[in-house]
Amino acid sequence: MTGTDPAALAAFIGNQRTEHHVPHRLACRVVGVSESWFYKWRDKPTTAREVRRGKLADAVEGIFADSGGTYGSPKVWLLLVRDGWRVSV
């Protein structure tokens, strides 16, 4: 499961229990992580970096949607900077 966002993977495992009644132990075994790893990530508080990345992703999606899906990365970057975001190209 390399390359997978740990917080998203922990949320996926947690959702299996609530939505499909699959025990955490089984879901962890299927995706190849230990139960201790799951509980560590499930209870981890959201960091400021994760909050900022979420807001940035929402801003990018909003700009792209408002353009009707026509703006590329240079235009999206320009509008982000104009909106006060400090981001690289």
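Does Arg17 meet the test of being without any contact (Cβ under 8 Å) to a residue 12 or more places away in the chain and surrounded by 12 or more Cβ atoms within 10 Å (Cβ to Cβ)?
Criteria met by Arg17.
Regarding Glu50, is this residue at pLDDT below 95, surrounded by 11 or more Cβ atoms within 10 Å (Cβ to Cβ), within 14 Å of the chain's Cα centre (by Cα) and not aliphatic (A, V, I, L, M)?
Spelling it out, Glu50 is indeed at pLDDT below 95, surrounded by 11 or more Cβ atoms within 10 Å (Cβ to Cβ), within 14 Å of the chain's Cα centre (by Cα) and not aliphatic (A, V, I, L, M).
Suppose we filter region 53-89 for residues that are loosely packed, with under 10 Cβ neighbours inside 10 Å, not basic (Lys, Arg) and not in a helix (DSSP H, G or I); how many remain?
7
The values are calculated or read from the model by the stated rules, or taken from the named source; none is laboratory data. Just so it is clear, the model here is predicted, and its values are computed rather than measured. Backbone-built Cβ (ideal geometry, glycine too); neighbour counts: all protein chains shown.
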